[in-house]
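Below: the structure, in structure tokens.
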Amino acid sequence: MNLLHALLLPLTLTLTWLYALTTRTAPPRNKRITLLIAHPDDEAMFFSPTLLALTKPHLNNTLSVICLSTGNADGIGHIRKHELVASCARLGVARERVQSIDHPELQDQMHSPWPSSTIARVLRERHEVLPDVLITFDERGVSGHPNHISCLRGAQEWVLGLSEAAGVELWMLGTVGVVRKYLFVLDCVVQAVLGGGRGGAGGKGAGWFVSTVGEVRVAREAMVSDHRSQMRWFRWGWIGLSRYMVVNGLERG
Ligand SMILES: *[C@@H]1O[C@H](CO)[C@@H](O)[C@H](O)[C@H]1NC(C)=O
């Protein structure tokens, strides 16, 4: 009986993980995809399952990352923008396709939203060729950070301003409640039951991506080794327990 108890958690985790890996969405192929984030480390803390799924070389996707700030709230933006490039490279995005923006209206801060028109202009100027898919936060921004939510508002303004024929799809990372947030791989069951990418807002799913054990290790390294300036003790709670390190559900905007 004691042996059974001891095995229950590892067994549940393993079965959940296997189940999730067989039912997750197959990633798209041959697409140009831009990930829009607010701060260096968003790509590793929130979007790593998505990036690792989409950047597999045989899929022939072209991934770009646009980070709207250098994360200069503590005056170390010049370090953080290099950390971003290293982390993205580890997650499969070519270094030359990673850009961080340093704009007076888009500075890392908690007190006010960024102007959507400025973000839309950045997106227009930074895309010589339109992407097929633009991925960013949803209206709750995972942590509710105003800069995350501004990413969505700016992305919406830009995409709505394009003609239908441009065909740019907007995918938003679904925000889940606080309990689901810390279920690690167990949240895959909830994600699978809700179906597609639905993250709670009842939108249309774009897909859900699940990392393998090896991929979770890669994402962990992106935080621990690449975003060294951000590693404080409390980050380990996120890295060790957050479902965003293992599973991402995406909704269509
Ligand atoms: C790879 O994707 C690009 C579009 O991004 C496409 O033009 C090209 O034909 C694709 N290559 C292969 C081998 O499918």
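The values are calculated or read from the model by the stated rules, or taken from the named source; none is laboratory data. These figures come from a predicted structure and were not determined experimentally. Here the Cβ is made from the backbone with ideal geometry for all residues, glycine too, and neighbour counts use every protein chain on show.
Structural remarks
- Qualifying residue in the range 35-51 (condition: small (Gly, Ala, Ser), without any contact (Cβ under 8 Å) to a residue 24 or more places away in the chain and closer than 26 Å to VAL213 by Cβ): no
- Residue within the range 67-75 that is crowded, with 17+ Cβ neighbours inside 10 Å, away from the ligand (no atom under 16 Å from the Cβ), assigned to a loop (DSSP other than H, G, I, E, B) and among the β-branched types (Val, Ile, Thr) present: yes
- Unique residue being more than 16 Å from the ligand (Cβ to nearest atom), farther than 18 Å from HIS227 by Cβ, of a type outside the set (Asp, Glu) and crowded, with 16+ Cβ neighbours inside 10 Å when the list is LEU91, LEU106, LEU63: LEU106
- Taking the criterion of being modelled with pLDDT under 95 and surrounded by fewer than 13 Cβ atoms within 10 Å (Cβ to Cβ), the residues of the range 202-227 that qualify are GLY202, LYS204.
- Qualifying position, being farther than 18 Å from LEU250 by Cα and either touching a residue at least 24 places away in the same chain (Cβ under 8 Å) or more than 19 Å from the chain's Cα centre (by Cα) (or both), among ARG32, ARG90: ARG90
- One residue from LEU170, LEU152, LEU134, LEU130 being of a type in the set (A, V, I, L, M), under 25 Å from TRP114 (Cβ atoms) and surrounded by fewer than 19 Cβ atoms within 10 Å (Cβ to Cβ): LEU130
- Some residue of the range 118-127 being within 16 Å of the ligand (Cβ to nearest atom), farther than 18 Å from PRO27 by Cβ and in contact (Cβ under 8 Å) with a residue 24 or more places away in the chain: yes
- Of all residues in the range 228-240, those satisfying the criterion of being surrounded by 15 or more Cβ atoms within 10 Å (Cβ to Cβ) and part of a helix (DSSP H, G or I) are SER229, GLN230, ARG235, TRP238, ILE239.
- Checking LEU54 against (1) more than 16 Å from the ligand (Cβ to nearest atom); (2) under 21 Å from GLU221 (Cβ atoms); (3) at pLDDT 95 or above, the condition it does not meet: (1)
- Scanning the range 104-123 for residues that are touching a Phe, Trp or Tyr at 6+ places or on another chain (Cβ under 9 Å) and part of a loop (DSSP other than H, G, I, E, B) gives GLU105, LEU106, GLN107.
- Just one of the listed residues (LEU21, LEU9, LEU36) is touching a helix residue (DSSP H, G or I) at 6+ places or on another chain (Cβ under 9 Å), away from the ligand (no atom under 16 Å from the Cβ) and part of a helix (DSSP H, G or I), and it is LEU21.
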